1. When the dipole is taken about the Cα centre of segment 48-107, and only Lys, Arg (+1) and Asp, Glu (-1) are charged at their Cβ, what size is it in debye, to the nearest 20?
2. Going from most exposed to least, what order do TYR62, TYR94 have by accessible area with a 1.4 Å probe?
Amino acid sequence: MLASVISYLLKEYLVACRSNCATQDHGSFGACARAANIKVSAVMVSPQRPMFDRTKTELSAYDAARRNGIQPEGTTLTKVKAAENASRALGRPYNADVDPPANMIVNKDVARFVNAGA
């Protein structure tokens with residue numbers, strides 16, 4: 001009788017598993033968490049979070065430029081924006097492989113000379 005009371009109390013009050021555990025048969029909360037493979041993203045709690053956010057922003061801008069046919073000189077936001085501005089001035093997608101540096105194409109007059117040579 002005493003063993004069944006102790007067993008009931010242990011199951012009822014000393015819960016080892018998480019509330020949403022599928023099996024509820026782990027020996028400790030830690031074992032339950034390990035079995036569930038719970039992870040906190042290292043980037044989210046890292047001091048390198050600002051770098052991660054900046055990289056994500058820059059690569060998103062680069063991807064959008066590439067989808068628009070623009071080939072920037074690099075993946076940094078500065079180079080992508082320069083390539084977009086050059087594309088506006090040129091009236092066509094900028095291509096870093098054949099066009100002069102994007103920061104040199106500053107207005108329509110320069111763009112006209114670049115397009116004449118292309």
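The values are calculated or read from the model by the stated rules, or taken from the named source; none is laboratory data. As the structure is a prediction and not an experimental result, all values here were calculated from the model. Because the Cβ atoms are built from the backbone with ideal geometry, glycine has one as well, and the counts that use them run over all protein chains shown. Just the protein is used for accessible areas: all its heavy atoms, side chains included, with ligands, DNA and RNA removed. Shrake-Rupley method; radii C 1.70, N 1.55, O 1.52, S 1.80 Å.
1. Values: 9 positive and 7 negative charges, 40 e Å.
Computed about the Cα centre, the dipole is about 200 debye.
2. Solvent-accessible surface, decreasing: TYR62, TYR94.
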